[in-house]
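Everything on this sheet refers to the single structure shown next.
The values are calculated or read from the model by the stated rules, or taken from the named source; none is laboratory data. Just so it is clear, the model here is predicted, and its values are computed rather than measured. Glycine also receives a Cβ, built like all others from the backbone with ideal geometry; neighbour counts cover every protein chain displayed. We work out accessible area using only protein heavy atoms, side chains counted, and drop any ligands, DNA or RNA first. Shrake-Rupley method; radii C 1.70, N 1.55, O 1.52, S 1.80 Å.
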Amino acid sequence: MFAIMAPGQGSQTPGMLAGWLRDPVHAERVQVWSEAADCDLAHLGTKASAAEIARTENTQPLLVAQGLLAHQALATAVAEGAAVAVGHSVGELTAAAFAGVLTPTDAVRLAAVRGRAMAAACAEAPTSMAAVVGGDEPAVLARIAEHGLTAATFNGPGQIVAAGLTEDLQRLAAAPPPSATVKPLTVAGAFHTAYMESARQAVAAAAAGIDFAPPRAVLLSNADGEALATPEAVRQRLVDQVVRPVRWDLCLRGLARFAPGVTVSLPPAKTLANIVRRQYPELSVVPVGSARDISKALARIEATESAEGGPIRAGV
């Protein structure tokens with residue numbers, strides 16, 4: 001068994017598509033996705049500044065597009081082998097495409113709708129997010145709640161992201177939980193909270209017009225780290241995820257239960273690969289940072305399948 005892991009917002013870097021677009025096949029694919037997303041992904045991935053690609057409406061389709069550039073090369077392995085797919089926040093759309101639930105084009109299209117809708121929701125109220133690092137989890141959660149904030153992302157032990165009104169986050173930073181540090185994040189608003197309700201509605205409307213297929217691989221949900229078995233379950237979770245906390249800690253716990261022989265960390269690969277290595281050092285991670293790394297990932301997958309007695313048809 002092997003796993004595919006897709007990153008979320010915050011892992012983007014200027015020029016992130018430049019190396020990939022030297023291949024005419026990738027360039028053509030990105031052109032198709034740009035038309036579906038109604039934005040110039042080639043520009044965003046090559047010439048755009050850090051500030052431009054940090055805008056939510058640009059970041060989300062760009063991240064999904066880069067992760068899916070590895071799709072064609074890895075899709076056969078996913079279809080023929082026992083695979084697990086998991087993605088962080090918007091990366092869950094990338095993971096859904098690898099699991100066969102969405103086509104790559106539909107995944108990028110939905111990411112663009114999601115990004116624009118979340119950017120618009122951010123303009124409705126002065127909100128933001130802050131990482132709470134360290135401290136005892138119950139005490140951290142209690143302090144977050146005291147200030148009327150939401151624990152919006154659980155990345156793992158000692159890594160909880162609070163979200164809500166900017167003034168409430170400032171109060172949290174002024175009086176952090178015992179043994180914890182509050183670090184404001186440079187984001188547009190309070191993602192994965194009730195402040196994103198208008199965005200949830202927009203994503204729901206867009207998702208209703210897209211065909212969702214049964215998962216061909218195990219697809220783990222951001223809500224609880226559990227596998228999703230039906231197209232409608234995936235659709236509903238992807239919609240609700242906009243206003244629900246990201247339980248990446250539970251996703252990784254679920255991933256560890258499957259004990260994949262290798263976990264392929266899709267580009268941009270470094271952030272999630274480092275989290276897995278810290279929390280689950282027994283899991284072997286292969287970061288795919290460029291097109292050159294795909295052959296390395298395929299070789300590791302093939303070696304894993306050989307060691308486990310050959311490919312097994314994936315299922316939930």
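For this structure, a couple of remarks:
- Dipole of segment 194-316 computed with +1 at Lys/Arg Cβ and -1 at Asp/Glu Cβ about the Cα centre; of VAL239, ALA303, ALA269, farthest Cα towards the positive end is ALA269.
- Normalising the average separation of contacting C-alpha pairs (under 8 angstrom, six or more residues apart) by the number of residues puts the relative contact order of the chain at 23 percent.
- Anisotropy class of segment 192-316 from Cα gyration tensor, a/c 1.5 cut: prolate
- For LYS296, a cut-off of 16 angstrom between C-alpha atoms picks up these aspartates and glutamates, skipping any fewer than 8 places away in its own chain: GLU305.
- Rounded if a/c under 1.5, otherwise prolate or oblate - segment 105-165, Cα gyration tensor axes: oblate
- Cα-only Debye scattering, segment 1-100: base-10 log of I(q)/I(0) at q = 0.10, 0.19, 0.24 Å⁻¹: -0.26, -0.90, -1.28
- Distance between segment 217-255 and segment 10-28 - C-alpha centres, whole angstrom: 28
- Here the chain carries DSSP beta bridges of which approximately 55% are antiparallel, counting only pairs with both residues inside.
- Think of segment 79-171 as having a plus end and a minus end, set by charges on the Cβ of Lys, Arg, Asp and Glu; of ALA163, ALA152, THR103, THR103 sits farthest toward the positive end of this dipole.
- Per atom type, the chain shows carbon and sulfur on 54% of its accessible surface, probed at 1.4 Å.
- Kirkwood estimate for segment 64-173, i.e. one over the average of 1/r between Cα atoms, Å: 16.2
- Against the chain, whose longest principal axis is taken from its Cα atoms, helix 56-68 shows a tilt of about 30°.
- Helix 71-80 axis, angle to the chain major axis (alpha carbon atoms, nearest 10°): 70
- Considering only LEU69, VAL90, MET1, the residue lying farthest towards the positive end of the dipole of segment 1-101 is MET1, judged by Cα position with unit charges set on Cβ.
- Computed from phi, the 3J(HN,Hα) profile of segment 211-223 under the Karplus parametrisation 6.51, -1.76, 1.60 (θ = phi - 60°) reads 6, 10, 9, x, x, 8, 10, 5, 10, 8, 8, 5, 5 Hz, with x in place of Gly and Pro.
- GNM on the chain, alpha-carbon springs under 10 angstrom: the most fluctuating residue among GLN241, GLN66, GLN159 is GLN159.
- Taking the Cα centre of the chain as origin and assigning +1 to Lys and Arg Cβ atoms and -1 to Asp and Glu Cβ atoms, the resulting dipole is close to 440 debye.
- Cβ-based net charge around GLY156, under 12 Å, with every Lys or Arg adding one and every Asp or Glu removing one: +2
- Label of the coordinate-derived value, Cα Rg over 2.2 N^0.38 Å, listed as (1) 1.36; (2) 1.04; (3) 0.95: (3)
- Dipole magnitude (debye, nearest 20) for segment 162-316, charges at Cβ of Lys, Arg, Asp, Glu: 320
- Of ILE53, ILE275, ILE144, the residue with the greatest mean-square motion in the GNM of the chain, using alpha carbon springs below 10 Å, is ILE275.
- Surface accessible to a 1.4 Å probe, per residue, for the residues of the chain, Å²: 40
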